[in-house]
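Undergrad: Pasting in a structure now, in structure tokens, and then I'll have a few things to ask.
Since every read-out is calculated from the coordinates, none of them should be taken as a lab result. None of these values were measured; they are calculated from a predicted model. Here Cβ is always computed from backbone atoms with ideal geometry, including for glycine, and neighbour counts include all displayed protein chains.
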Amino acid sequence: MRDFHCPVCGQRLAFENSLCLSCGSSLGYSLDDNELMVIAVGKDSEHAGAVDAGRYRLCANLHLAECNWLVEKDPDQDAAARLCASCALTRTRPNDSDTKALTAFAAAEKAKRRLIAALRELKLPIVGRDEDTEYGLAFDLLSSESEKVFTGHANGVITLDLAEGDDVHREQLRVEMQEPYRTLLGHFRHEIGHYYFYRLVEPSQDYLQRFNELFGDPDADYQAALDRHYSQGPPSGWEDTFVSSYATMHPAEDWAETFAHYLHIRDALDTAAAFGFAPAGATFERRALGPSGFDTIIEMWLPLSWGLNMVNRSMGKEDLYPFVLPPAVLEKMRFIHTIVDEITSDPAKLAS
């Protein structure tokens, strides 16, 4: 995530800001520009970094989901229905009377906006349900307090249990499942990995063959693998070939976990570069091309993650990135990087 500044007064801003606390300017995030823009009226709209309030407005979820993204006004559409590119992907949300679930919903949408912004930066295809009614991307954000909810992915639909937005609940699950890391953003990055498997890998015989070599058979019995994992746990020595214990359960989960970590690394490097903690080449703007591209990413990431872990320890916190990346995991991640690079470099592959 880049470093944002107010176009009017230069005040540093966070990705989530809808108001500059220094000069009082109203702000909105433009996905196309990857910038926070000032929403201005009349002559004020002429200064750099401003968008015309007559043409743009903030997402209809400004209050409900604390969304600060810009939407182009449509005179034929009701104002309440004008959702931004991220919010429009949400197919199901809690009803208006469930105030507790709506609080968690806002937290989930906040994490999802970071996901969508990073996917756009990587130039990965985001095909919504409006374009592909059977397999397009959609999100069902549901509360398990009123119904049984299983976080997961099926045919483009990502379901998230909003209980994950509760810090106490999520931490209890993390400890119970012996996980070193558990966040809303992590869930989204994992589940989007499943989405990109069937959209990018499954249609390609070349990618599918390499997937089988690195991860195993994606069609292996999932229920049997699930039962085995929760009855027997991960196999001995799993740390040498998997990024997490959950990745050992099934090839599909290994892919999704590795994909999530690829996104962790790329986004963290981009943010670090924006604030001068990493080389300029670590940003999304500088594409890591060719066979050496992935090696360059990892060469930048390893010392950065080590240093950030040590800073966290200096503050009495747990490691920021509590994972080890053995050679087998790096080879899997290199495959993911190759797909991302090839798909986004070749318009013909992206179109297919």
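Undergrad: Based on the Cα coordinates of the range 114-271, what is the per residue volume of their convex hull in Å³?
TA: Given the Cα convex hull of the range 114-271, per-residue volume reads 142 Å³.
Undergrad: To continue, here is another question. Please compute the alpha carbon radius of gyration of the range 246-352, then divide it by the globular-protein estimate 2.2 N^0.38 Å. Two decimals is fine. List each step's numbers first, then the result.
TA: Working: Rg = 14.9 Å, N = 107, 2.2 N^0.38 = 13.0 Å.
Normalised by 2.2 N^0.38 Å, the Cα Rg of the range 246-352 equals 1.15.
Undergrad: For the range 87-190, compute Rh as the Kirkwood radius over C-alpha pairs and then the Stokes-Einstein diffusion coefficient at 20 °C and 1.002 mPa s; write the answer in µm²/s, rounded to an integer.
TA: The estimated diffusion coefficient comes to 150 µm²/s.
Undergrad: May I ask you to compute the full-extension gain from Asp166 to Arg12, defined as 0.36 nm times their residue separation minus their alpha-carbon distance, rounded to one decimal in nm?
TA: 52.6 nm
Undergrad: Same structure, new question: Can you pull out the cysteines in the chain that have no other Cys Cβ under 4.7 Å?
TA: When partners are defined as cysteine Cβ atoms under 4.7 Å apart, the chain leaves Cys87 without one.
Undergrad: Please rank Arg189, Arg286, fewest neighbouring Cβ atoms within 10 Å first, as an exposure proxy.
TA: Working: Arg189 24, Arg286 14.
Least to most surrounded, the residues fall as Arg286, Arg189.
Undergrad: Counting only pairs 8 or more residues apart or on different chains, how many lysine pairs in the chain have their Cα atoms under 17 Å apart?
TA: Taking the Cα cut-off of 17 Å, the pair count is 4.
Undergrad: Taking all pairs of distinct Cα atoms, average 1/r, flip it, and tell me the Kirkwood hydrodynamic radius of the chain in Å to one decimal place. It would help to have the intermediate numbers written out before the result.
TA: Working: mean 1/r = 0.0461 Å⁻¹.
Final number for the Kirkwood radius of the chain is 21.7 Å.
Undergrad: Sort Val311, Val340, Val8 by Cβ crowding within 10 Å, fewest neighbours at the top.
TA: Taking fewest neighbouring Cβ atoms as first place, the list is Val311, Val8, Val340.
Undergrad: Of the DSSP beta bridges with both residues in the chain, give the percent that are antiparallel, rounding to the nearest 5.
TA: On the way: 13 of 25 bridges.
Percentage antiparallel, nearest 5: 50.
Undergrad: In what order do Thr103, Thr248 fall by count of nearby beta-carbon atoms within 10 Å, going from fewest to most? Mind showing how you got there, number by number?
TA: Details: Thr103 14, Thr248 20.
Fewest-to-most ranking of Thr103, Thr248: Thr103, Thr248.
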